[in-house]
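Inspection log for the structure reproduced underneath, given as structure tokens.
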Amino acid sequence: MNMSFSRDMDDEYEKFIRRMNPPRVVIDNESCKNATVIRVDSANRHGILLEVVQILTDINLIITKAYISSDGNWFMDVFNVTDQDGNKILDEGILDYIRKSLGPESCFMPSIRSVGMKQSMDHTAIELTGSDRPGLLSEVSAVLRHLKCNVVNAEVWTHNTRAAAVMQVTDEETETAISDPERLSRIKSLLYSVLKGSNKSSLAKTVVSHSVTHTERRLHQMMFADRDYERTGGDVLDDRQRPNVDVVNWHDKDYSVVTIGCKDRPKLLFDTVCTLTDMDYVVFHANIDTLGPDSYQEYYIRHLDGSPVKSDAERQRVTQCLEAAIERRVSEGLKLELCTTDRVGLLSDVTRIFRENSLTVTRAEVTTKAGKAVNTFYVRDASGYPVDVKTIDSIRQVLGQTILKVKGNPDDSKPVSQESPTRFHFGGLFKSKSFVNFSLVRSYS
């Protein structure tokens with residue numbers, strides 16, 4: 001059977017089931033003192049939990065507690081959520097979006113597949129995975145500028161000596177997607193050479209397409225495929241920093257019980273549910289709770305075929321993959337937030353400036369909207385030590401007129417082990433000669 005036809009049939013069947021059993025969404029701002037309670041009841045299918053969590057996290061809600069039950073053919077979720085400041089959700093626009101996205105009207109929305117992929121002619125998508133090394137982003141951005149590509153959006157993660165990036169680029173002149181096959185082939189080839197570097201044995205992958213994906217989910221999938229969960233001798237996290245993940249089998253019920261204890265942070269639930277879903281586990285029950293700065297998660301899972309975890313090797317793999325999923329988004333050091341007028345070459349120029357000042361960035365997010373580049377990145381000194389205030393002063397002198405604020409003391413951030421490899425130089429994302437706004441904030445994530 002044609003695969004496209006099969007997917008279309010699956011979509012139509014899912015829509016039919018949801019019409020017969022439309023999802024119900026109840027939003028309650030009365031029963032809980034400190035949070036808005038969202039209850040979702042729906043026909044059950046694999047991946048629905050991730051869809052719900054993804055919708056809530058994409059609008060920057062903080063999930064403080066959750067109860068999930070999906071035994072049988074029905075799915076029930078209860079979430080306690082707040083905004084970024086810890087307040088209830090009272091904005092009617094946001095509440096209406098939640099009702100439409102999760103309620104009966106969502107029956108007619110396209111199903112969110114494993115990546116949420118669809119075609120776009122507004123930009124060209126570039127996916128990069130490879131070994132983490134100093135100066136890599138500077139090289140990548142220089143190649144893109146040379147090829148007359150403008151980076152309009154990008155997200156970069158680094159973890160355990162590996163790096164992954166999802167970028168959206170346009171043609172410098174037309175400001176649309178690049179469609180010429182020969183040019184796309186050249187972009188892919190040159191970026192692959194940059195990722196490989198001088199180490200011919202290193203693993204690297206470059207994908208160029210016109211697909212639109214859910215960027216954060218795609219980054220999880222890329223790093224999982226790149227096996228970043230396998231520990232190396234240069235691992236930067238010690239046992240005290242690593243999440244506490246335990247996997248045991250409940251033989252009476254044929255469940256595997258996964259418990260996770262770690263420091264709480266935004267999008268933590270999305271990261272763990274995303275990983276379990278992409279590893280083809282089904283969450284039948286779950287309890288999520290936060291106590292002060294800490295988070296506790298408990299999942300009752302089985303394989304798609306209904307079996308629990310089958311071996312010690314599989315148990316170890318689940319543990320390592322969940323640890324990696326949590327660690328990828330942990331960014332210590334200084335958080336830099338930049339807002340300025342967008343222009344061609346922004347990424348290349350500022351990457352060079354940060355590289356010249358020995359800054360390395362462990363994570364970055366770049367967006368462009370209405371002619372403004374809005375960027376967030378987390379920086380450390382390339383040697384592994386906290387960023388020196390003198391370095392920031394030096395950058396201010398190089399960039400000219402800037403608005404630069406440092407919240408907290410850079411010396412407070414924890415140094416990285418000197419035995420670990422120098423992390424990805426994704427510092428220096430995006431800047432024009434005249435900054436509109438450039439603020440530096442301490443990250444406590």
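Computed over the stretch 328-379, relative contact order equals 52 percent, with contacts defined as Cα pairs under 8 Å that lie 6+ residues apart.
For Arg45, the solvent-accessible surface computed with a 1.4 Å probe is close to 50 Å², ligands and nucleic acids excluded.
Note down, for the stretch 244-328, the three equivalent ellipsoid semi-axes (square root of 5 times each alpha carbon gyration tensor eigenvalue), biggest first, whole angstrom. Numbers along the way, then the final one.
On the way: eigenvalues 88, 35, 26 Å².
Listed largest to smallest, the semi-axes of the stretch 244-328 are 21, 13, 11 Å.
Just add up the charged neighbours of Glu182: K/R +1, D/E -1, any other residue whose Cβ is under 15 Å from the Cβ of Glu182.
Value of the local net charge: +2.
Shown for the stretch 294-391: the carbon plus sulfur share of the solvent-accessible area, taken with all protein chains present and a 1.4 angstrom probe, equals 50%. The residues packed around Asn150, meaning those with a beta-carbon under 11 Å from its beta-carbon, carry a net charge of -2 if Lys and Arg are +1 and Asp and Glu are -1. Residue pairs exceeding 31 angstrom between C-alpha atoms, taken from Lys205/Lys253; Lys267/Lys310; Lys33/Lys253: Lys205/Lys253; Lys33/Lys253.
Extents of the stretch 12-108, taken as max minus min of Cα coordinates on every principal axis and listed largest first, are 41, 27, 22 Å.
The residues of the stretch 12-108 present an accessible area of 51 Å² per residue when probed at 1.4 Å with all protein chains retained.
The values are calculated or read from the model by the stated rules, or taken from the named source; none is laboratory data. Quantities reported herein were computed from a predicted structural model and do not represent experimental measurements. FYI the Cβ positions are ideal-geometry reconstructions off the backbone, even for glycines, and counts take in every protein chain you see. To get the accessible areas, we keep the full protein, side chains included, count just its heavy atoms, and leave off ligands, DNA and RNA. Shrake-Rupley method; radii C 1.70, N 1.55, O 1.52, S 1.80 Å.
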